[in-house]
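First the structure, in the form of structure tokens, and then the observations on it.
Only the coordinates and a few stated rules stand behind these numbers; no lab work does. Values in this document were obtained by computation on a predicted structure and should not be read as measured data. Every residue, glycine among them, receives a Cβ derived from its backbone with ideal geometry; neighbour counts consider all protein chains shown.
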Amino acid sequence: MADTGGAGQGGELFYRRVLLKISGEALAGEQKFGISPPVVDRLVEEIRVVHEMGVALGLVVGGGNIVRGTTASAAGMDRVSADYMGMLATVINALALQNSLERRGIHSRVLTAIRMEQLAEPYIRRRAISHLEKGRVVLFAGGTGNPYFSTDTAAVLRGIEMNADVIVKATKVDGIYSADPKKDSSAEFIPDITYMQALSRELGVMDAAALSLCKDNDIPIVVLNLDDEGAVARLVRGERIGTLVHS
């Protein structure tokens, strides 16, 4: 696993294997719901740059632009049914990203935790690692395949299974703040924080299960703004960007 301090030298990669978590809402853009093709194309261009640097890249995308299980459950739907609907939404998003990737000549595979062979391959760890080693972008869909677990937890789980050097959570803000910067102008940016501090302060970085998995497996998390052009590419070269969550 990559060291969490310092920077790569002479163009070398600081992080060679990355699990990138993208929210479903990011795919909707300004329309707030569904999939915006121009937004998907812009995200995929960022992914293309990182992939062509030689980074082994896995992606987990949420489904909140279509249906969010916790929201549907709060509105009265059965929680298990709502969560499965959310998992299916992540498959739709993964297929949209795959389409855009392959239109750029980037080979990719969608692996799902819920079997649906007509659309994607079932998730098998060794198969996923083989795809990464062959230079394919791997999109992990269907969450963990179980209700009551967020896509953040799914991202961390897949990152650990893939022996990723880092979990990158792409958001719409520059990193972690002491409060929501969109609601509180006095919110302070936090460039560096430990897993335990993030858990105890309940900063909304990731849910407790995801943070605990990272802590137990000593895998760093970087939270950054995907709207910042080239952010992920700069990160994998070793630039300190966003907020680093570590032991």
>> Suppose the chain between Phe33 and Met77 were pulled fully straight at 0.36 nm per residue; how much longer would it get relative to their current alpha carbon spacing?
In response: 13.9 nm
> Loop-only check: which chymotrypsin sites (Phe, Trp or Tyr not before Pro) in the range 7-102 are DSSP coil with at most 14 other Cβ within 10 angstrom?
Replying inline: Phe33
>> Taking the number of other C-beta atoms within 10 Å as the exposure measure, put Leu132, Leu43 in order starting with the fewest.
In response: Leu132, Leu43
> Can you give the extra length, in nm with one decimal, that the chain gains between Thr194 and Arg234 once fully stretched, where that is 0.36 nm per residue apart less the Cα-Cα distance?
Replying inline: 12.2 nm
> Quick one: Glu229, Glu30, fewest Cβ neighbours within 10 Å first, how do they rank?
Replying inline: Glu30, Glu229
>> Quick check: net charge around Arg48, other residues with Cβ under 14 Å of its Cβ, Lys/Arg +1 and Asp/Glu -1?
In response: -2
>> How compact is the chain by the rule of thumb for globular proteins, expressed as Cα Rg over 2.2 N^0.38 Å?
In response: 0.95
> In debye to the nearest 20, how big a dipole does the range 11-84 give about its Cα centre with +1 on each Lys and Arg Cβ and -1 on each Asp and Glu Cβ?
Replying inline: 180
> How high is the FRET efficiency between Lys172 and Asn99 when r is their beta carbon distance and R₀ equals 25 Å, given to the nearest 0.05?
Replying inline: 0.60
> Along the Cα-to-C-beta direction of Ser130, a point sits 7 Å from the Cα; which residues of the range 136-162 have their amide N less than 14 Å from that point?
Replying inline: 136
>> If I model a spin label at Ala187 and Glu202 as a point 7 Å from the Cα along the Cα→Cβ vector, what separation in nanometres do I get?
In response: 1.6
> About its Cα centre, how strong a charge dipole does the chain have in debye, to the nearest 20, once Lys and Arg get +1 and Asp and Glu get -1 at the Cβ?
Replying inline: 620
